Amino acid sequence: MPEAAWTHEVATAQGRTVLASEIVWMRTREVAVHAVDLDAGVGFADLPDDLNTVLAADVVKKRGAGGEAADLAAWLTGRAAKPPLLGPWL
């Protein structure tokens, strides 16, 4: 794409407006997570560490915005014995 096009706003399938530059991450996330969903021999441990790090941060940000930050923080810092109950998010 021409460099100027990366700053154009586009509508997602969910109706959100995002910059075109976000599409690369959105597609990468979809492909990675759904590759694991297929249960065809690819797990999160098979994905690159850098990808898992960004993916985990993305999930925490989204869950935190949904009111689950305290439960996630407690578990991720070892202050809760069990992970919080979370439904699918993609």
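The values are calculated or read from the model by the stated rules, or taken from the named source; none is laboratory data. Given the structure is predicted, the values throughout are model-derived calculations rather than measurements. Don't worry about glycine lacking a Cβ; one is built from the backbone with ideal geometry, like all the others, and counts go over all protein chains shown.
Values computed for the structure shown
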| item | result |
| --- | --- |
| Counted residues, the stretch 13-25 - those being part of a helix (DSSP H, G or I) and surrounded by 13 or more Cβ atoms within 10 Å (Cβ to Cβ) | 5 |
| Output for the stretch 53-90, where each listed residue is among the polar types (S, T, N, Q) and either assigned to a helix (DSSP H, G or I) or within 24 Å of GLN14 (Cα to Cα) (or both) | THR53 |
| Scan of the stretch 37-52 for residues that are closer than 20 Å to GLY87 by Cα, modelled with pLDDT of 95 or more and in a helix (DSSP H, G or I), ordered by number | PHE44, ASN52 |
| Residues being closer than 23 Å to VAL24 by Cβ and of a type in the set (S, T, N, Q) - total across the stretch 36-78 | 2 |
